[in-house]
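See below for the structure under consideration.
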Amino acid sequence: MATQNSAVRRFGSDAWARLTAAAGAVTERRTRPRRRAVLTEQHRLHFDLLCKAMDDPALAAVLNTYETEITDEEQRQYLFANALYINALYFHRIGALTRAELHGHFRIMCQNQIFRAYWAATEHHRKSLADSSEEAELGRMMESLIQDQTDSDTDEWWVVGEPDEGPQ
């Protein structure tokens, strides 16, 4: 009888574990579209704010947290560089770009001297990120690409820098 009770408890425990796992999977499938919708709305709001700042130097001044003086034109360029960077991050976060594809987009962005200047000017911004955060990891990917391209002795920039094997 004790063996039979033990088997029933083990079956019940296994069944409970499978039921819990199934419920978690259903919940995840339900929250994924909501998460994507929230990210989309946040991205749209961020882009709208950047567009307003690019159009109005008085608003752009609010976003000027660089450690050096820059012109209004440079400020607009930096805001646009930020919009490009955030757009690539957004596509990665919603699953439209794999990490390797994001690496390819970053590689292209690194070719532009204005983007590199923006990246250097915002270095201190990234220092506040938690080291283990996805955004910090992707920032390190960008920094590595910029360094690889700076150190490269080839004109074939599209082959410089290997994608890291971080989480997809």
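Numbers for the structure displayed
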{"quantity": "Vicinal HN-Hα couplings computed from phi for the range 65-81 (Karplus, 6.51 cos²θ - 1.76 cosθ + 1.60; Hz; Gly/Pro x)", "calculated": "10, 7, 8, 10, 6, 10, 7, 4, 5, 4, 4, 5, 5, 5, 5, 5, 4"}
{"quantity": "Rough spin-label spacing in nm, given labels placed 7 Å along Cα→Cβ, for ARG35 and TRP16", "calculated": "2.7"}
{"quantity": "Theoretical gain in end-to-end length, ALA120 to GLU137 [0.36 nm per residue, Cα-Cα removed]", "calculated": "4.5 nm"}
{"quantity": "Inter-centroid distance (Cα atoms) of the range 33-87 relative to the range 93-125, Å", "calculated": "15"}
{"quantity": "Whole-Hz couplings from phi, Karplus 6.51/-1.76/1.60, listed for the range 38-55; x for Gly and Pro", "calculated": "5, 4, 4, 5, 5, 4, 4, 5, 4, 5, 4, 5, 5, 4, 4, 5, 5, 7"}
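All of the numbers you see were taken from the coordinates with simple rules; none came from a lab. Bear in mind that the values here come from a model prediction, so they are computed numbers and not experimental data. Cβ sites come from the backbone with ideal geometry, for glycine too, and all protein chains shown count toward neighbours.
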